[in-house]
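Read-outs throughout are calculated quantities, based only on the coordinates presented, and are distinct from any laboratory measurement. Remember, it's a predicted structure, so these values are computed and weren't measured experimentally. Here Cβ is always computed from backbone atoms with ideal geometry, including for glycine, and neighbour counts include all displayed protein chains.
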Ligand code: URA
């Protein structure tokens, strides 16, 4: 385990540390070709310390594997907020800002990866924008050497928001094209 995981696992920079069980720092290698970043851990993630192991994660990684060929193990997976907000509420700005210390350190470790952000919260935090995911999704936005492709959060598809799964698939095909460009 690297030192960032050890330091982050005892973080008390915001009030989420009072109610969380585990800090969900992330999983995977910093050499991964694809970085996936969500909003915040849910109940299963809080209990296990592992990102995206609940229903959202199952849907997400089946779509990623079908559209890009990459497995969960070939991705680095994390969220902009590393501790579960009570009752899965949306993380507050002050919590996102407190947690950005860890994300900024993680971003520095990816050389020229492709990154997928999931939903409004992750896209806005990573891209420092107030734009909506409906306007951002499927675009390729350069953040230094990183190519960022925002898409919807799989939880929206599970809630039955119309067309989200189809739009995620189409955004992931943009990712697949970037990945094959890097391989050739
Ligand atoms: N949703 C997220 O954004 N992150 C997780 O780890 C789980 C669900």
**OP:** Report, in degrees rounded to the nearest 10, the 0 to 90 angle that the Cα long axis of helix 55-68 makes with the longest principal axis of the chain.
**Re:** 30 degrees
**OP:** Can you pull the one-decimal nm distance between simple spin-label points at residue 108 and residue 132, each 7 Å off the Cα toward Cβ?
**Re:** 3.7 nm
**OP:** Alpha carbons only, please: Rg and Dmax for segment 35-157, in angstrom.
**Re:** 13.4, 37
Original post:
Helix 164-183 sits at what angle to the longest principal axis of the chain, using alpha carbons and giving 0 to 90 degrees rounded to 10?
Top reply: 80 degrees
Subject >> Candidates 56, 44, 130: whichever shows maximal mean-square fluctuation once the chain is modelled as a Gaussian network with Cα springs under 10 Å >> reply: 130
Original post:
Beyond 18 Å, what share of the Cα-Cα pairs of segment 46-107 remains, rounded to the nearest whole percent?
Top reply: 46 percent
Original post:
In the Gaussian network model of the chain, springs joining C-alpha atoms below 10 Å, which of 57, 69, 38 carries the largest mean-square fluctuation?
Top reply: 69
